[in-house]
1. Out of (1) among the polar types (S, T, N, Q); (2) at pLDDT 90 or above; (3) exposed (fewer than 10 other Cβ atoms within 10 Å of the Cβ), what's the single condition that is false for Ser78?
2. Would you please list the contacts, defined by Cβ atoms under 9 Å and residues six or more apart or on different chains, that run from a residue in the range 35-49 that is free of Cβ contacts under 8 Å to residues at least 60 places away in the same chain and acidic (Asp, Glu) to a residue that is in a helix (DSSP H, G or I) and surrounded by 10 or more Cβ atoms within 10 Å (Cβ to Cβ)?
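The values are calculated or read from the model by the stated rules, or taken from the named source; none is laboratory data. Fair warning: this is a prediction, and the values are worked out from it, not measured in the lab. Don't worry about glycine lacking a Cβ; one is built from the backbone with ideal geometry, like all the others, and counts go over all protein chains shown.
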Amino acid sequence: MKVSFAMSDDTDAKTRAADRAERAERMAREGQQAMAEHLAAVKAVDERTVRLKALRLAKEAEEAAVRAAAPPPAPKRSRKKAAV
């Protein structure tokens, strides 16, 4: 008695191929989602960096204006030495 597994092997090959194709599609979707999340994070960091730099420059300009408007410090007077 001879048993043929050709039908079973064919079905298994199709199932494995379908599994591989499904996995490839899932990996592609997950890759696209991961890339989108990464790019969004990079964009958020860049936007914060620009905002913080603008705030720092404005603060430095304000401090420079305050220093420029303040009167210069009085010169220090030297003490005369006492005669011996």
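1. Going through the list (1) among the polar types (S, T, N, Q); (2) at pLDDT 90 or above; (3) exposed (fewer than 10 other Cβ atoms within 10 Å of the Cβ), Ser78 breaks only (2).
2. none
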